[in-house]
Amino acid sequence: MKLACASSALDRTIERGDLTQLEFLDLCAQELAADGVVLDARHFPRTDGDYLAQVKKMATDRGLSIAALADATFFSSAPERMSELLERALELGAPLLAAPLAADLDASWSDQLARLGHATALAKALNVTLALRNAAGTFAATAHDCKRVAKEADSAWLRFGPEPERLDAASDPRTLAPNTVLLWSDCGAQAERNIALTVAAFEDFRGHLVLDECNGTATAAQLAAAIGHWRKAILNRR
């Protein structure tokens, strides 16, 4: 298991202009010693080819993997925007695009399934895998929901990117493990028991565990502490 930081954890800092996206890469590589990053679509000051190439090259030079591009509205977007985001991920060298489904009050299941069809077709065409995030109030809130979505979508380009801490008590995260390509954890909820349960449920997982903060108010010190907790748990598991 590798450790990545999501730029969404520092959303407030980035929005205030106190941290640029490129400075975020430096922070993750130097101060946090992360293995990778997940870049939120909101934080790109530009999306032209020259800038995306600069981000990709800088991440490479710093020894960081761009684990995924994240966008909270991807599965509720029009096909044109879905395509733009997937093409951005491709240019960045990000193998995954991570997103939750739309709120279940905003669209019917049939509408969401139709959008899933568009999304997976585009993902297949560009060979960028979709990492479905569980989120309360969506059609993918529980482990059972996530498996139902995957079954109905019936696409090898739709996989899971769960945050085990946010699954309900009836969910068994181990049932998602075979098709999990990304894991998430809130750096504000680093109870040792939660970490231990996640490590145990995904003991064979070789991808990135992404540290985020749901309100976007994390500090570098909080992210560093969270990385320390996770590294200790992973090492103790070996």
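Can you confirm whether region 106-117 contains a residue that is surrounded by 22 or more Cβ atoms within 10 Å (Cβ to Cβ), at pLDDT below 95 and out of contact with any helix residue (DSSP H, G or I) (no Cβ under 6 Å at 6 or more places or on another chain)? Within region 106-117 (the criterion being surrounded by 22 or more Cβ atoms within 10 Å (Cβ to Cβ), at pLDDT below 95 and out of contact with any helix residue (DSSP H, G or I) (no Cβ under 6 Å at 6 or more places or on another chain)), the answer is yes, since at least one residue qualifies.
Here is a yes/no grid of residues against (1) over 20 Å from residue 185 (Cα atoms); (2) of a type in the set (Lys, Arg); (3) at pLDDT 95 or above:
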{"site": "35", "(1), (2), (3)": "no, no, yes"}
{"site": "39", "(1), (2), (3)": "no, no, yes"}
{"site": "49", "(1), (2), (3)": "yes, no, yes"}
{"site": "55", "(1), (2), (3)": "yes, no, yes"}
{"site": "65", "(1), (2), (3)": "no, no, yes"}
{"site": "74", "(1), (2), (3)": "yes, no, yes"}
{"site": "81", "(1), (2), (3)": "yes, yes, yes"}
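If you go through region 30-51 and keep only what is in contact with an Asp or Glu (Cβ under 9 Å, 6 or more places away or on another chain) and either more than 20 Å from residue 73 (Cβ to Cβ) or not in a helix (DSSP H, G or I) (or both), you end up with 38, 40, 47, 49. Please go through region 182-211 and give me each residue that is surrounded by 21 or more Cβ atoms within 10 Å (Cβ to Cβ), modelled with pLDDT under 90 and in contact with a Pro (Cβ under 8 Å, 6 or more places away or on another chain), ordered by number. Residue satisfying the conditions is 198 alone. Filtered by the rule that a residue be in contact with a helix residue (DSSP H, G or I) (Cβ under 7 Å, 6 or more places away or on another chain) and either among the small types (Gly, Ala, Ser) or surrounded by fewer than 18 Cβ atoms within 10 Å (Cβ to Cβ) (or both), region 77-105 gives 79, 83, 87, 90, 91, 93, 99, 102. Selection of region 203-226 for residues being closer than 16 Å to residue 172 by Cβ and either more than 16 Å from the chain's Cα centre (by Cα) or not in a loop (DSSP other than H, G, I, E, B) (or both) yields 203, 204. Residue pairs whose Cβ atoms lie under 7 Å apart, sitting 6 or more positions apart in sequence or on different chains, and linking a residue in region 1-22 that is farther than 21 Å from residue 199 by Cα and part of a loop (DSSP other than H, G, I, E, B) to a partner that is modelled with pLDDT of 95 or more and of a type in the set (Val, Ile, Thr), are 19/13.
Could you list, in sequence order, the residues of region 45-84 that are over 16 Å from the mean Cα position of the chain (by Cα), closer than 22 Å to residue 29 by Cβ and in contact (Cβ under 8 Å) with a residue 40 or more places away in the chain? Of everything in region 45-84, just one residue is over 16 Å from the mean Cα position of the chain (by Cα), closer than 22 Å to residue 29 by Cβ and in contact (Cβ under 8 Å) with a residue 40 or more places away in the chain, namely 52.
Among the numbered conditions (1) in contact with a Phe, Trp or Tyr (Cβ under 9 Å, 6 or more places away or on another chain); (2) more than 30 Å from residue 151 (Cβ to Cβ), the only one that residue 29 does not meet is (1).
Scan region 145-176 residue by residue and report those that are over 23 Å from residue 127 (Cβ atoms), surrounded by fewer than 18 Cβ atoms within 10 Å (Cβ to Cβ) and in contact with a strand residue (DSSP E or B) (Cβ under 9 Å, 6 or more places away or on another chain). Within region 145-176, 147, 165 meet the criteria. Figure legend. Inter-residue proximity from region 85-110: first residues small (Gly, Ala, Ser), second residues in a helix (DSSP H, G or I), beta-carbon distance below 7 Å, spacing 6+ or different chains. Indicated pairs: 93/56; 99/74; 99/75; 102/75; 102/76; 102/112; 107/76.
The values are calculated or read from the model by the stated rules, or taken from the named source; none is laboratory data. All figures in this text were calculated on a predicted structure; none of them were measured in a lab. Cβ atoms come from the backbone with ideal geometry, glycine included; neighbour counts cover every protein chain shown.
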